[in-house]
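Reading through the structure tokens given below for one structure.
The values are calculated or read from the model by the stated rules, or taken from the named source; none is laboratory data. Everything numeric in this text was worked out from a predicted model, so none of it was measured. Methodologically, a virtual Cβ is constructed for each residue, glycine included, from the backbone with ideal geometry; neighbour enumeration extends over all protein chains shown. Surface accessibility is based on the protein's heavy atoms, side chains included, excluding ligands, DNA and RNA. Shrake-Rupley method; radii C 1.70, N 1.55, O 1.52, S 1.80 Å.
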Amino acid sequence: MTKPSYIRGRSANLRKGRVSEDFACYVITKNVNRRLPLLADDRVAKIILDAWQYVRSKDRIKILAFCIMLDHFHLAICLMPGESISKLMQDTAKFTSRKLNRLLNRRGTFWQEGFHDHRCRDVDDLHERSLYVEHNPVRKGLVTTAELWPYSSASAENKYMLDREWWP
């Protein structure tokens, strides 16, 4: 018997109609299981950033913007040919969850099941959403300007990870 959606959650709905399109730009949001505030730590962020850098170095994605918040992250990417968003997220979640659980001396599920993705309609949509991603810590009152959040592409120290040309 299938459980009602209010019991099983909505993560299955996130996968309905998901299409991975070559060279399309997507903004992805992924949450920590139970929304625990585990991410805004230098060691934790390094594991996540290294995982993104690795898939970037394998020409699976181009990174356009990102922000690691306390209990979730946002990642704006361009998907390279033959790549699947679901496979990309599965690979990075599996890799990071093992490392993060070990680092934090935890067990069990690290990431919440599923993720949210939005396919950007055009360059303006991508630019607007990238600014939204980078200014998330400002809206949450964690910093006064986006550039001060060390776990974001707005920080000067993280610009080396970006594959974008429309702003410095």
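Just a few scattered comments:
- Taken over the chain, the percentage of Cα pairs per 5 Å bin, counting from 0 up to the bin with the maximum distance, is 1, 8, 17, 22, 21, 17, 9, 3, 1, 0, 0.
- Computed over the stretch 75-168, the Cα gyration tensor eigenvalues convert (square root of 5λ each) into semi-axes of 25, 20, 13 Å, ordered from largest to smallest.
- Over the chain, relative contact order from alpha-carbon pairs under 8 Å, at least 6 apart, %: 30
- Placing a label point 7 Å from the Cα of Asn101 along the Cα-to-Cβ line, the residues of the stretch 23-39 whose backbone N sits under 13 Å from it are 33.
- Sequence-distant residues sharing a close amide H with Thr109 (under 5 Å, placed H): none
- The chain - percent of accessible surface contributed by carbon and sulfur, probe 1.4 Å: 52
- Rounded to the nearest Hz, the phi-derived 3J(HN,Hα) couplings of the stretch 104-110 under the Karplus curve 6.51 cos²θ - 1.76 cosθ + 1.60 (θ = phi - 60°) are 8, 6, 10, 9, x, 6, 8, where x marks glycine and proline.
- Of the peptides 28-37, 137-146, the ranking by mean beta-carbon count within 10 Å, highest at the top, reads 28-37, 137-146.
- Derived scalar couplings between HN and Hα for the stretch 37-44 equal x, 10, 8, 7, 8, 4, 5, 5 Hz in order, rounded to whole Hz, by the Karplus curve 6.51 cos²θ - 1.76 cosθ + 1.60 (θ = phi - 60°), x for Gly and Pro.
- Judged by the mean number of other Cβ atoms found within 10 Å, the most tightly packed of the peptides 69-76, 39-46 leads the ranking 69-76, 39-46.
- Take the chain with all the other protein chains still there, run a 1.4 Å probe, and you get 57 Å² of accessible area per residue.
- For Leu38, distant residues with modelled amide H under 5 Å away: none
- Calculated mean residue ellipticity, 222 nm, the chain: -10500 deg cm²/dmol, from DSSP H runs (n ≥ 4) at -39500 (n - 2.57) each, averaged per residue and rounded to 500.
- By the Cβ rule of 4.7 Å, the chain holds the following cysteines without a possible disulfide partner: Cys67, Cys78.
- J(HN,Hα) series, the stretch 93-100, from Karplus relation 6.51 cos²θ - 1.76 cosθ + 1.60, nearest Hz, glycine and proline x: 5, 4, 5, 5, 4, 4, 5, 5
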